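Here is the structure we will look at, set down as structure tokens.
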Amino acid sequence: MRGRGVTVLSACSHAGIVNVCLAARQAFPEAQVDVVLGGYHLSGQVMETRIGPTVRDLRERIQPRVLAPGHCTGWRAKSALAAAFTPGHYGPSVVGTLYVIK
């Protein structure tokens, strides 16, 4: 989005949300990652081992303005992301949530 950067929309990021954001940065090297909205695929016992590294990489490598994790992110990951990105950089995303990006 002109003046804001790249918006990353993820249905269920099986490739890893950090990898998706890195690909977006590679495709648009002049733009910051602005919003990361959608499923981060971090729920379930096997995937929960990736929560810590994902939070760290999003915070240190990607540095998005706003995270809005959705359905398959899982409550543990949402809690860790909220702790790392609030205030000001975390928005809950549930059924019926409407985001207007200006």
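The values are calculated or read from the model by the stated rules, or taken from the named source; none is laboratory data. No experiment lies behind these values; they were computed from the predicted model shown. Positions of Cβ are backbone-derived with ideal geometry, glycine not excepted, and every protein chain shown enters the neighbour counts. What goes into the accessible areas is simple: the full protein's heavy atoms, side chains included, and nothing from ligands, DNA or RNA. Shrake-Rupley method; radii C 1.70, N 1.55, O 1.52, S 1.80 Å.
Could you check how many residues of the stretch 18-31 are open to solvent by 90 Å² or more (accessible area, probe 1.4 Å) and in a loop (DSSP other than H, G, I, E, B)?
3
Quick check on my filter: what residues within the stretch 32-53 are crowded, with 16+ Cβ neighbours inside 10 Å, under 27 Å from ARG2 (Cα atoms) and not acidic (Asp, Glu)?
The answer is VAL33, VAL35, VAL36, LEU37, GLY38, GLY39, TYR40.
Tell me, please, whether a residue that is aliphatic (A, V, I, L, M), out of contact with any strand residue (DSSP E or B) (no Cβ under 8 Å at 6 or more places or on another chain) and in contact (Cβ under 8 Å) with a residue 12 or more places away in the chain can be found in the stretch 65-75.
No, the stretch 65-75 contains no residue that is aliphatic (A, V, I, L, M), out of contact with any strand residue (DSSP E or B) (no Cβ under 8 Å at 6 or more places or on another chain) and in contact (Cβ under 8 Å) with a residue 12 or more places away in the chain.
Residue check, LEU98 against (1) at pLDDT 90 or above; (2) open to solvent by 60 Å² or more (accessible area, probe 1.4 Å); (3) not acidic (Asp, Glu), all met but one. Which one?
Looking at each condition in turn, LEU98 falls short on (1).
Keeping to the stretch 76-92, report how many residues are of a type outside the set (A, V, I, L, M, F, W, C) and without any contact (Cβ under 8 Å) to a residue 24 or more places away in the chain.
Counting residues in the stretch 76-92 that are of a type outside the set (A, V, I, L, M, F, W, C) and without any contact (Cβ under 8 Å) to a residue 24 or more places away in the chain gives 5.
Filter the stretch 76-96 for residues that are closer than 14 Å to VAL36 by Cβ, in a loop (DSSP other than H, G, I, E, B) and not hydroxyl-bearing (Ser, Thr, Tyr) and give the result.
Within the stretch 76-96, HIS89, GLY91, PRO92 meet the criteria.
Kindly indicate whether ALA68 is in a loop (DSSP other than H, G, I, E, B), surrounded by 14 or more Cβ atoms within 10 Å (Cβ to Cβ) and either modelled with pLDDT of 95 or more or not aromatic (Phe, Trp, Tyr) (or both).
Considered against the rule, which asks whether it is in a loop (DSSP other than H, G, I, E, B), surrounded by 14 or more Cβ atoms within 10 Å (Cβ to Cβ) and either modelled with pLDDT of 95 or more or not aromatic (Phe, Trp, Tyr) (or both), ALA68 comes out as no.
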